[in-house]
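Worksheet: one structure, shown below.
The values are calculated or read from the model by the stated rules, or taken from the named source; none is laboratory data. Just so it is clear, the model here is predicted, and its values are computed rather than measured. Quick reminder, even Gly has a Cβ in these numbers, built from the backbone with ideal geometry, and neighbours come from all protein chains shown.
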Amino acid sequence: MNNDFLTPVEFSHFLLNKHVQPGDTAVDATAGNGYDTLFLAELVKEKGTVYSFDIQDEAVANTIKLLNDYSFLDRVRIFNDSHENIDNYLEETNVSAVIFNLGYLPGGDKTIKTKASSTVTAVKKSMNFLKKGGIIVLVVYSGHRGGVEEKEAVLNFLKDLNYKRYNVIKYSYLNQPDFSPELLALIKR
């Protein structure tokens, strides 16, 4: 028997799998190399839609290539824009799940990264599109310049949410280095 805990990324996929059904609408707010977009596209199946955002041309190209490799591009709408502009693109108010991976593009330019102000704005805006029982998941990588400030800004926003409207969790290792990945999630009640 395996005694390991799920990593924050594995736990994010576990939560998404519980909340996203075939035909649903889901959002990857930080496309990166496309792995979460691909995962969501598999969950929503042919009749669902995934909205995917990234500010970097390289990330958008990586995501398109990955989706083409799996023939899932037809169910994904990809935008080369910041997640803070999510409300300019979403057309539905019944989003089942939104995933964020905070930090920088793995293998990319480490000077281009998510920032506290745009991330909190994007989370707030995403909440307006979330259906009852929908989830927003944030995998937080804080080991880069500005990462701790971003994590603290998101934590401060989430901890003040009305508990009658949202359940919020934090999943992290207590005995790991300070910059190990963490997971934050909220469910709309």
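Structural remarks
- Residues (loosely packed, with under 15 Cβ neighbours inside 10 Å, touching a residue at least 24 places away in the same chain (Cβ under 8 Å) and within 16 Å of Phe100 (Cβ to Cβ)) located in the range 162-181: Ser172
- Here the condition is being within 19 Å of Val140 (Cβ to Cβ), in a loop (DSSP other than H, G, I, E, B) and not β-branched (Val, Ile, Thr); of Phe5, Phe14, it holds for Phe5 alone.
- Being assigned to a helix (DSSP H, G or I) and in contact with a Pro (Cβ under 9 Å, 6 or more places away or on another chain) is a property that Leu67 lacks.
- Residue check, Ala153 in contact with a strand residue (DSSP E or B) (Cβ under 8 Å, 6 or more places away or on another chain) and at pLDDT 95 or above: no
- Filter pass, Ile136 being among the aliphatic types (A, V, I, L, M) and farther than 30 Å from Lys45 by Cβ: no
- Just so you know, in the range 87-113 the residues that are of a type in the set (Gly, Ala, Ser) and assigned to a strand (DSSP E or B) include one that is farthest from Phe39 (Cα to Cα), and it is Ser96.
- Meets criteria (of a type in the set (Lys, Arg), under 17 Å from the mean Cα position of the chain (by Cα) and at pLDDT 95 or above) for Lys131: yes
- Residues of the range 90-136 satisfying the condition of being more than 18 Å from Arg77 (Cα to Cα), among the β-branched types (Val, Ile, Thr) and crowded, with 21+ Cβ neighbours inside 10 Å: Thr114, Thr119, Val123, Ile135, Ile136
Yes or no, residue by residue, for (1) over 24 Å from Glu152 (Cα atoms); (2) under 14 Å from the mean Cα position of the chain (by Cα); (3) at pLDDT below 95; (4) among the acidic types (Asp, Glu):
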{"site": "Gln21", "(1), (2), (3), (4)": "yes, no, no, no"}
{"site": "Asp24", "(1), (2), (3), (4)": "yes, no, no, yes"}
{"site": "Ala29", "(1), (2), (3), (4)": "no, yes, no, no"}
{"site": "Leu38", "(1), (2), (3), (4)": "yes, yes, no, no"}
{"site": "Thr63", "(1), (2), (3), (4)": "yes, no, no, no"}
{"site": "Ile86", "(1), (2), (3), (4)": "no, yes, no, no"}
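- Among residues that are touching a residue at least 12 places away in the same chain (Cβ under 8 Å), over 24 Å from Val140 (Cβ atoms) and not β-branched (Val, Ile, Thr), Gln56 is not included.
- Any hit, the range 114-130, residues being of a type in the set (A, V, I, L, M, F, W, C) and part of a strand (DSSP E or B): yes
- Selection within the range 108-150 - of a type in the set (S, T, N, Q) and touching a residue at least 40 places away in the same chain (Cβ under 8 Å): Thr114, Ser126, Asn128, Ser142
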